[in-house]
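To start, the structure itself, in structure tokens.
The values are calculated or read from the model by the stated rules, or taken from the named source; none is laboratory data. As the structure is a prediction and not an experimental result, all values here were calculated from the model. No Cβ is skipped: glycine too gets one built from the backbone with ideal geometry, and neighbour counts run over all protein chains shown.
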Amino acid sequence: MTKPLYVSLGLMSGTSADGIDAALIRSDGEDTVETLAAAFVPYPDDFRKRLLVCAQQHQQDDAVRADFSRWSQNACENILTQSGIQPDFIASHGHTLDHRPDLGWTHQMDDPAALASRFGIPVVSDFRQKDMQNGGQGAPLVPVYHRVRGRGHPKPLAIVNIGGVSNVTLIDENDAMIAFDAGPGNALMDDVLQKTVGARYDHGGALALSGTPHQDLAEALLLDPFFLKRGPKSLDRNHFAQRAGVLDGLSLTDRLATLAQITALAIARGIVMHQPHCAECLLVGGGRKNKAIVDVLSQNLPCPVRDGDAAGFDSDFMEAEAFAYLGIRSFLGLPYSFPETTGVRVPTCGGVWTYP
Ligand SMILES: Nc1ncnc2c1ncn2[C@@H]1O[C@H](COP(=O)(O)OP(=O)(O)O)[C@@H](O)[C@H]1O
Ligand SMILES: [Mg+2]
């Protein structure tokens, strides 16, 4: 018997705070996935700054939340107009304000009630809480989606998402997964650029490529216990912000080169520590466009490193697609986090449903 298919609209506001990614998929929540539409709604500079202040201070702010709600609704509107398809539900991740698995809490800014009334369909949100209640890290949650999309690729396969934070999913020949946050992604580099020259990011990694990494400082920062721990493990966007202050004396380009080096080495060493024999490494997320990161990754991994787009993914939207997929799994009561991906005690299904 064929399983029923659901259309789910996933919304993701990543830790880079660059904007909202939205993706529409049709899936049975298991092996069948069809991507239908995708949209990116960038945040204006002013809103981005206000959102980042909330994340830095771990504070909700009603005015910022009201604006966040509008951006989320715009992203949905965009998808509905583009596709002409009415989803069965919306799966909204929200924007993480605080993520502290050591203390057992994770908070996202989100407005599921407004989404549900505006679009007249159920909304599932708060994806991380249940995992944490069951002893998990609450992150990463995308591996179960990576596993489906990784079908047909050589194994062992590494899928690396480089966003504000970077996370790795390893899938072996038996479809077994290992997952972990590898370390800071672009967030540290983005913050340096914002503070020094007011730019959002290092386009293509051009500035980092023109600098020279300070090897000793990079290795000193890589001694942080977070990097030496085995997965599952997860990281708050701001964990390294203070520690990276030791690079303040370097020129801007050397500082960016050193941060790119740290980001890439953390990923490469994390992969090799958990799986020394990867056949292929596929990159998704905005950080894959930073050539300084990709070069160091390629030099430090024993397998080909490829842009996910070349492997048939829509690499900018994998996370939004993943939350759309998790929404379907939540609806069906299927687990989406596992002891080997988040450290949760038992395979766990989460998500909180809000109805129109
Ligand atoms: N053309 C580019 N060159 C270099 N870096 C880029 C480029 N485009 C995006 N990025 C980086 O990707 C980040 C956004 O990636 P994304 O996957 O959306 O992360 P997140 O999930 O944290 O929002 C930006 O903040 C920036 O650092
Ligand atoms: Mg983003």
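For this structure, a couple of remarks:
Each row is one residue, and each column tells you yes or no for (1) modelled with pLDDT of 95 or more; (2) over 13 Å from Y325 (Cα atoms); (3) more than 16 Å from ligand 1 (Cβ to nearest atom).
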position: Y6; (1), (2), (3): yes, no, yes
position: A22; (1), (2), (3): yes, no, no
position: G29; (1), (2), (3): yes, no, yes
position: D46; (1), (2), (3): yes, yes, yes
position: L51; (1), (2), (3): yes, yes, no
position: A75; (1), (2), (3): yes, yes, no
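- L259 at pLDDT 95 or above, closer than 21 Å to L52 by Cβ and either in contact with a His (Cβ under 8 Å, 6 or more places away or on another chain) or buried (at least 19 other Cβ atoms within 10 Å of the Cβ) (or both): yes
- Matching entry among L207, L221, L228, L235 (being free of Cβ contacts under 8 Å to residues at least 24 places away in the same chain and either at negative phi or touching a Pro at 6+ places or on another chain (Cβ under 9 Å) (or both)): L228
- Identity of the residue in region 268-282, over 10 Å from N300 (Cβ atoms) and part of a helix (DSSP H, G or I), that ends up nearest to the chain's Cα centre (by Cα): G270
- Candidate set: region 269-299, residues that are out of contact with any Asp or Glu (no Cβ under 9 Å at 6 or more places or on another chain) and of a type in the set (S, T, N, Q); chosen: the one nearest to G150 (Cα to Cα): S298
- Selection status of A63, small (G, A, S) and farther than 21 Å from I121 by Cα: yes
Residue-by-condition table, conditions (1) away from ligand 2 (no atom under 16 Å from the Cβ); (2) modelled with pLDDT under 95; (3) under 17 Å from D202 (Cβ atoms):
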| position | (1), (2), (3) |
| --- | --- |
| A264 | yes, no, yes |
| V272 | yes, no, no |
| C278 | yes, no, no |
| G286 | no, no, yes |
| K289 | no, no, yes |
| V294 | yes, no, yes |
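- Matching residues in region 179-198 - criterion: being among the polar types (S, T, N, Q) and not in a helix (DSSP H, G or I): N186
- Qualifying residue in region 72-79 (condition: surrounded by 19 or more Cβ atoms within 10 Å (Cβ to Cβ), in a loop (DSSP other than H, G, I, E, B), more than 13 Å from ligand 2 (Cβ to nearest atom) and not small (G, A, S)): no
- Members of region 23-36 found to be hydroxyl-bearing (S, T, Y) and not in a strand (DSSP E or B), listed by number: T32
- Test for Q60: is it modelled with pLDDT under 95, in a loop (DSSP other than H, G, I, E, B) and more than 16 Å from ligand 2 (Cβ to nearest atom): yes
- Apart from one condition, V142 fits all of (1) within 16 Å of ligand 2 (Cβ to nearest atom); (2) farther than 21 Å from A17 by Cβ; the exception is (2).
- Hey, S210 surrounded by 16 or more Cβ atoms within 10 Å (Cβ to Cβ) and within 15 Å of ligand 1 (Cβ to nearest atom) or not: no
- Members of region 5-22 that are in a strand (DSSP E or B) and either surrounded by fewer than 24 Cβ atoms within 10 Å (Cβ to Cβ) or within 12 Å of ligand 2 (Cβ to nearest atom) (or both): Y6, V7, L11, M12, S13, G19, I20, D21, A22
- The selection criterion, being surrounded by fewer than 20 Cβ atoms within 10 Å (Cβ to Cβ) and under 28 Å from V33 (Cα atoms), does not hold for P276.
- Qualifying residue in region 309-316 (condition: of a type outside the set (A, V, I, L, M, F, W, C), free of Cβ contacts under 8 Å to residues at least 12 places away in the same chain and under 19 Å from I25 (Cβ atoms)): yes
- Residues in region 311-337 that are among the hydrophobic types (A, V, I, L, M, F, W, C), within 24 Å of H274 (Cβ to Cβ) and assigned to a helix (DSSP H, G or I): A311, M318, A322, L326.
- Number of positions in region 31-44 that are away from ligand 1 (no atom under 15 Å from the Cβ), in contact with a helix residue (DSSP H, G or I) (Cβ under 8 Å, 6 or more places away or on another chain) and not hydrophobic (A, V, I, L, M, F, W, C): 2
- Any pair with Cβ under 6 angstrom, 6 or more apart, that starts in region 116-132 at a residue that is modelled with pLDDT of 95 or more and ends at one that is of a type in the set (D, E): S125/D110
- Within region 159-178, tally of residues that are away from ligand 2 (no atom under 16 Å from the Cβ), out of contact with any Asp or Glu (no Cβ under 7 Å at 6 or more places or on another chain) and assigned to a strand (DSSP E or B): 5
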